[in-house]
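**Student:** Here's a structure for you.
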Ligand SMILES: Nc1ncnc2c1ncn2[C@@H]1O[C@H](COP(=O)(O)OP(=O)(O)OP(=O)(O)O)[C@@H](O)[C@H]1O
């Protein structure tokens, strides 16, 4: 009986196929599992036929319905695996199939596909233009090096005709996948050795023979990142029945490498720009860790309750809702976990208050004591220095480093600060209240006195955690191999947390990995958004040195983001309504559209206008059930971790982004001033990078100073 495999190119379009077509796919695929090759060739209903003028002689089409055809790669070498590569309407299927050529990469040994016809047509045109170009893109890399990295004759000729990265991107949909990635890494300035290590070595099978084995079944087996082999009827039914989430199966090799490494000697850090699949890698790591023992418990944390709810759903999907496995994982926020620990040890549950109430108490303390500080200054000193370093008394504070704070404080001033802190804490005690960070400090203390409750802790959205929260996580698992697995993106730091992980007993040196391929947004959206951060540098996740988005890219393409100013708010809101109407007319479902702004107030206006024309709307605050229909409206903060096919960012105007009131005056503290601006800039970056296909950023009056490239 032949075997059956599905290429990622098939899944890319499967979700959008109509029901009868999907049923046709299922029926046809079942035949591949029930018949011999000879029977398949003879089956009238399947109508397995070769494609005229095909560049790949193994290309076949099969009948799915009257109008739809499957494109299949059939073995011609005596091996037995058929690969379903696409499902298209009749004419498109033949045109698509005729141009494609599948081949085994000589370095990675994986199956790749190219548009051989388009490459043949385009390359000579680029070659002519390249003759007069002052510099070629790959001038510094020899043919020999390129060949060692798996570049073959046709791709080499194309690569030699390119003058810049934009041209390489123009070729990106035509080139074979692994070879394209090698060229993209080289174009980003990575050395051939780095490219071999990060792109080739991770894909090449461990015991690859010196001479490539070319039979289709072997090459397919060498391509787990892009091809899923189906082993039996039940698995076939499962993969076609469930809403298909590609991330469950097709990990990028860089994701697979970090998630499924058997064991790490200690804490691991995985960073990467927005949409590079960090959350996906964290979930797969949980799966791997659960498989390593019968009973080890795992804590999976993220930043907000809404994100934790999302993670829980995804984990259920990844673990096939296996109750036994799921029962061994706690998915929660650090704050909720800490709250539970403290609650278990005290008579009453802790009652944390929010930032606004805290600010009010600080104001009261300043007033009562006549302190020469603003409430904002004291709140920041408390957060960054006192809770940051877990300082418990005046002596500790007098001797503490205030690194990162932009104003000097002598002993007399520190005493004054401390009197304010004591008064603030007294207010909390009197009211029977506390703050989340104080709960975390207490939980870390309590955990230190008991045996650690988890064998493994996996942390997503790690960039925003405060040292007090890290202490809880450190105490939740004993230092040992595979204790902590941490994912995050320092470019998405929106809560001004500063940490030095090393000083908290979390050292990831030698165990740091970076993901670079964005699976969410188009390259147009990424490039535009990355520009927002071009003028600044951000600290690394572990707190030492600076991070960068070098090599960060997407393989998807689409329309350019739209940035547009309006004379008045009314006009801006009216334009939003029209934009949403046209997105709906294009076929997007309401829940695939996200609208965000810096404040809830701006969203109120948008909600009113959208409602007025009958468009359903849903405010994203806590947890939003996936099924509930409605355009999602969220503040920029609530956009964290979400994604939408289309995103509209409203009110990107001067005074609003950055929000003037949230910015510490430069005179008061120059370092805090810069940190506040950076946080607001990252917030806009986070909002924009939630968009998968369409992004529009609008304002009324003067544009945000973060948008100089569009103003
Ligand atoms: N290997 C994969 N194959 C297909 N889709 C993937 C893969 N990895 C991630 N994705 C998809 O890409 C999108 C982004 O993934 P994910 O949320 O894990 O990224 P992230 O790095 O955590 O993003 P952010 O930092 O912006 O929150 C999701 O829609 C996810 O399903």
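Read-outs: derived from the displayed coordinates by stated rules, not from any lab. This structure is a prediction, so every number in the text was calculated from the model and none was measured. Because the Cβ atoms are built from the backbone with ideal geometry, glycine has one as well, and the counts that use them run over all protein chains shown.
**Student:** Based on the mean of other beta carbon atoms within 10 Å per residue, what is the order of 221-234, 197-210, most packed first? Mind showing how you got there, number by number?
**Tutor:** Numbers: 221-234: 17.7, 197-210: 14.7.
Highest-to-lowest ranking by the protection proxy: 221-234, 197-210.
**Student:** Write down the percent of antiparallel bridges among all DSSP beta bridges whose residues are both part of the chain, to the nearest 5. Before the final figure, lay out the partial values.
**Tutor:** Values: 25 of 74 bridges.
Bridges in the chain that DSSP calls antiparallel: roughly 35 percent.
**Student:** Work out how much length residue 347 to residue 559 would gain on full extension: take 0.36 nm times their residue separation and subtract the Cα-Cα distance, in nm to one decimal. If you can, show how the numbers build up before the last one.
**Tutor:** Details: separation 212, 0.36 × 212 = 76.32 nm, distance 5.75 nm.
Full-extension gain reported as 70.6 nm.
**Student:** Then there is this: In terms of the ratio Rg/(2.2 N^0.38 Å) built on C-alpha atoms, what value belongs to the range 212-360?
**Tutor:** Computed over Cα atoms of the range 212-360, the ratio equals 1.33.
**Student:** Based on the mean of other beta carbon atoms within 10 Å per residue, what is the order of 297-304, 449-456, most packed first? Don't jump to the answer; show the numbers that get you there.
**Tutor:** Details: 297-304: 23.1, 449-456: 15.5.
Packing proxy ranking, top to bottom: 297-304, 449-456.
**Student:** On to the next question. If you wrap a convex hull around the alpha carbons of the range 313-453, what volume per residue comes out, as a whole number of Å³?
**Tutor:** Working: hull volume 21.7 nm³, N = 141.
In the range 313-453, the Cα convex hull volume per residue is 154 Å³.
**Student:** As a test of the definition: which semi-axes, in Å, follow for the range 446-506 when you take the square root of five times each eigenvalue of its alpha carbon gyration tensor? Largest first, please. Don't skip to the answer; put the middle values down first.
**Tutor:** Values: eigenvalues 90, 31, 17 Å².
For the range 446-506, the ellipsoid semi-axes come out as 21, 12, 9 Å.
**Student:** Find how much the distance from residue 143 to residue 246 grows on full extension, using 0.36 nm per residue of separation minus their present alpha carbon separation; answer in nm with one decimal. Provide the component values of the computation, followed by the final result.
**Tutor:** Details: separation 103, 0.36 × 103 = 37.08 nm, distance 3.54 nm.
Stretched fully, the residue 143-residue 246 segment lengthens by 33.5 nm.
**Student:** Quick one: if you stick a label point 7 Å off each Cα along the C-beta vector at residue 131 and residue 612, how many nm between them?
**Tutor:** A separation of 6.3 nm, rounded to one decimal place.
**Student:** Using only alpha carbon pairs under 8 Å that are at least six residues apart, calculate the relative contact order of the range 354-434 and give it in whole percent.
**Tutor:** Values: 46 pairs, mean separation 26.6, N = 81.
Computed over the range 354-434, the figure is 33 percent.
**Student:** Oh, and also: Would you kindly calculate the translational diffusion coefficient of the range 467-582, applying Stokes-Einstein with the Kirkwood radius from alpha carbon pairs, for 10 °C and a viscosity of 1.306 mPa s, and quote it in µm² s⁻¹ without decimals?
**Tutor:** Values: Rh = 17.7 Å.
Estimated via Stokes-Einstein, D reaches 90 µm²/s.
**Student:** Same structure again: Relative contact order (percent) for the chain, with alpha-carbon contacts under 8 angstrom and 6 or more residues of separation? Each step should come with its number before you reach the end.
**Tutor:** Details: 1230 pairs, mean separation 78.6, N = 711.
About 11 percent, as a whole number.
**Student:** Another question, then. Grab the Cα-Cα distance for residue 12 and residue 412, subtract it from 0.36 nm times how many residues apart they are, and report the gain in nm with one decimal.
**Tutor:** Working: separation 400, 0.36 × 400 = 144.00 nm, distance 6.51 nm.
Difference between extended and current length: 137.5 nm.
**Student:** Label 7 Å along Cα→Cβ of residue 121; the range 28-66 residues with amide nitrogen under 19 Å?
**Tutor:** 52-56
**Student:** Moving on to the next point. For the peptides 459-465, 95-101, 266-272, 533-539, what is the packing order when you average, over each peptide's residues, the other Cβ atoms within 10 Å and list the highest mean first?
**Tutor:** 459-465, 266-272, 95-101, 533-539
**Student:** How many percent of all Cα-Cα pairs in the chain sit more than 38 Å apart? Walk me through the numbers on the way to the answer.
**Tutor:** On the way: 111358 of 252405 pairs.
Here the tail beyond 38 Å accounts for 44 percent of pairs.
**Student:** What FRET efficiency do you get for residue 231 and residue 260 if R0 is 22 Å and r is their Cβ-Cβ distance, rounded to the nearest 0.05? Each step should come with its number before you reach the end.
**Tutor:** Numbers: r = 19 Å, r/R0 = 0.87.
So, using R0 = 22 Å, E works out to roughly 0.70.
**Student:** Let me ask something else about it. Give the angle, between 0 and 90 degrees and rounded to the nearest 10, that separates the Cα long axis of helix 436-448 from the longest principal axis of the Cα atoms of the chain.
**Tutor:** It works out to around 80 degrees.
**Student:** Would you kindly calculate the mean projected area, averaged across all directions, of the convex hull enclosing the Cα atoms of the range 580-621, in square nanometres?
**Tutor:** Working: hull surface 11.8 nm².
Average projection, Cα convex hull of the range 580-621: 2.9 nm².
**Student:** Taking the Cα atoms only, what angle lies between the long axis of helix 411-431 and the longest principal axis of the chain, rounded to 10 degrees?
**Tutor:** Its long axis makes an angle of about 80 degrees.
**Student:** I would also like to ask the following. What distance in nm lies between label points placed 7 Å from Cα along the C-beta direction at residue 323 and residue 581?
**Tutor:** Here the modelled spin labels are 5.1 nm apart.
**Student:** Separation between the residue 27 and residue 43 pseudo-spin-labels, each 7 Å from Cα along Cα→Cβ, expressed in nm?
**Tutor:** Distance between label points: 1.1 nm.
**Student:** Over the C-alpha atoms of the range 354-434, what are the Rg and the largest Cα-to-Cα span, Dmax, in Å?
**Tutor:** 11.9, 34
**Student:** Could you state the principal axis extents of the C-alpha atoms in the range 38-97, from the largest down, to the nearest angstrom?
**Tutor:** 31, 25, 17
**Student:** Any chance you could tell me what percent of the C-alpha pair distances in the range 559-700 go past 17 Å? Mind showing how you got there, number by number?
**Tutor:** On the way: 5852 of 10011 pairs.
Here the tail beyond 17 Å accounts for 58 percent of pairs.
**Student:** For the range 101-128 and the range 637-688, what is the separation of their Cα centres, given in Å?
**Tutor:** The distance from the Cα centre of the range 101-128 to that of the range 637-688 comes to 43 Å.
**Student:** Here is a follow-up. According to the square roots a ≥ b ≥ c of the eigenvalues of the Cα gyration tensor, what is the shape class of the range 527-628, taking rounded for a/c under 1.5, prolate for a/b larger than b/c otherwise, and oblate for the remainder? All intermediate terms of the calculation are to be shown ahead of the outcome.
**Tutor:** Numbers: a/c = 1.85, a/b = 1.80, b/c = 1.03.
It is prolate, given that a/c is not under 1.5 and a/b is the larger ratio.
**Student:** How many times 2.2 N^0.38 Å is the alpha carbon radius of gyration of the range 107-211? Don't jump to the answer; show the numbers that get you there.
**Tutor:** Details: Rg = 13.5 Å, N = 105, 2.2 N^0.38 = 12.9 Å.
Ratio of Rg to 2.2 N^0.38 Å for the range 107-211: 1.05.
**Student:** 222 nm [θ] for the chain, helices only, -39500 (n - 2.57) per DSSP H run of 4+, per residue, to 500?
**Tutor:** Numbers: 27 runs with 285 residues, N = 711.
Calculated from helices alone, the mean residue ellipticity at 222 nm is -12000 deg cm²/dmol.
**Student:** OK, next. Once R0 is set to 45 Å, what does the formula 1/(1 + (r/R0)^6) return for the Cβ-Cβ distance between residue 364 and residue 570, expressed as a FRET efficiency to the nearest 0.05? Show your work: numbers first, answer last.
**Tutor:** Values: r = 40 Å, r/R0 = 0.89.
So the FRET efficiency works out to roughly 0.65.
**Student:** What FRET efficiency comes out for the pair residue 431/residue 661, r = Cβ-Cβ distance, R0 = 35 Å, nearest 0.05?
**Tutor:** Numbers: r = 26 Å, r/R0 = 0.73.
Calculated transfer efficiency: 0.85.
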